[in-house]
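The values are calculated or read from the model by the stated rules, or taken from the named source; none is laboratory data. Just so it is clear, the model here is predicted, and its values are computed rather than measured. Accessible surface areas use protein heavy atoms only, side chains included; no ligands, DNA or RNA. Shrake-Rupley method; radii C 1.70, N 1.55, O 1.52, S 1.80 Å.
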Amino acid sequence: MDAQDLEVRLASSLPHLRIADRAVALRAVKLMGRLLDPDGRAIGFVPMNLWA
């Protein structure tokens, strides 16, 4: 929803602008390595080596 609002604001302030494509990338790295309790709450983390 926020991406569409941004496109509308850009298009209204820059009439010559053309949006050819759009993509949204989610950073799953922030979710990896979490230790969860039985209720799904984060209680710790496991360090990750992203370059391994």
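What about Val24, is it within 21 Å of the chain's Cα centre (by Cα), part of a helix (DSSP H, G or I) and at pLDDT below 85? So Val24 does not fit the description; no.
Residue check: Gly40 meets all listed conditions (1) open to solvent by less than 80 Å² (accessible area, probe 1.4 Å); (2) at pLDDT 85 or above; (3) not aliphatic (A, V, I, L, M) but one, namely (2).
Filtered by the rule that a residue be modelled with pLDDT of 85 or more and either part of a loop (DSSP other than H, G, I, E, B) or among the polar types (S, T, N, Q) (or both), the range 1-18 gives Gln4, Ser12, Ser13, Leu14, Pro15, His16, Leu17, Arg18.
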